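Asker: Next up is a structure, given as C-alpha cells.
Bear in mind that the values in this text are calculations on the coordinates, not laboratory data. Since we're looking at a predicted model, the values are computed, not measured. Virtual Cβ from ideal backbone geometry, glycine too; neighbours counted across all protein chains shown.
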Amino acid sequence: MVSAVLATHKANEEVLGVKMVDPEKFPLMFSWVQQLNELPPMKEVVPPHEKVVDLLRFVRKNGLNPSS
C-alpha cells in the first residue's frame with residue numbers, strides 16, 4: 001500500500017500542488033522512494049506519469065463537482 005502511494009508521489013504533487021516527500025525535510029525517505037521507484041517490479045506495475053496525472057485530475061474534478 002505504501003509503495004502504491006509513494007510510487008505516484010510526483011503525480012500527486014503535480015495535481016495537488018503539495019509536496020508529498022520533501023527531500024530537504026526527509027532526505028532518507030526521499031532517497032528510499034527514489035530507489036523504490038527504480039526497481040524493475042515497480043516500473044512494471046506503476047502506470048506512466050501522465051496517465052496517473054490524468055486520472056488524478058479526473059478524480060479530483062469529478063469528486064469535487066460530481067454533478068458536472
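Asker: Computed over the Cα atoms of the chain, what is the convex hull's projected area averaged over all directions, in nm²?
Answerer: Values: hull surface 20.4 nm².
With the hull built on Cα positions only, its mean projection is 5.1 nm².
Asker: Could you grab the relative contact order for the chain? Cα pairs under 8 Å, six or more apart, rounded to a whole percent.
Answerer: On the way: 39 pairs, mean separation 25.6, N = 68.
38 percent.
Asker: Also, quick follow-up: Hey, rough spin-label estimate for Ser31 and Lys51, points 7 angstrom out along Cα→Cβ, what's it come to in nanometres?
Answerer: It is 3.2 nm.
Asker: Note down the net charge around Leu55, summing +1 for each Lys or Arg and -1 for each Asp or Glu among other residues with Cβ under 13 Å from its Cβ.
Answerer: Net charge in that neighbourhood comes out at +1.
Asker: With the dipole of the range 2-64 worked out from charges on the C-beta (+1 for Lys and Arg, -1 for Asp and Glu) around the Cα centre, which of Phe26, Pro41, Val59 lies farthest toward the positive end?
Answerer: Val59
Asker: Work out, step by step, the length gained on full extension between Arg60 and Lys10: first 0.36 nm times the residue separation, then minus their alpha carbon distance; give nm to one decimal.
Answerer: On the way: separation 50, 0.36 × 50 = 18.00 nm, distance 1.57 nm.
Once the chain is fully extended between Arg60 and Lys10, it gains 16.4 nm.
Asker: In addition: Nearest 500 deg cm²/dmol is fine: what mean residue ellipticity at 222 nm does the chain get from its DSSP H runs of n ≥ 4 alone, each adding -39,500 (n - 2.57), divided by its residue count? Mind showing how you got there, number by number?
Answerer: Working: 5 runs with 48 residues, N = 68.
One gets -20500 deg cm²/dmol as the mean residue ellipticity at 222 nm.
Asker: Taking θ as phi - 60°, what are the ³J(HN,Hα) couplings along the range 21-27 by the Karplus curve (6.51, -1.76, 1.60), each to the nearest whole Hz, with x for Gly and Pro?
Answerer: 10, 7, x, 7, 7, 10, x
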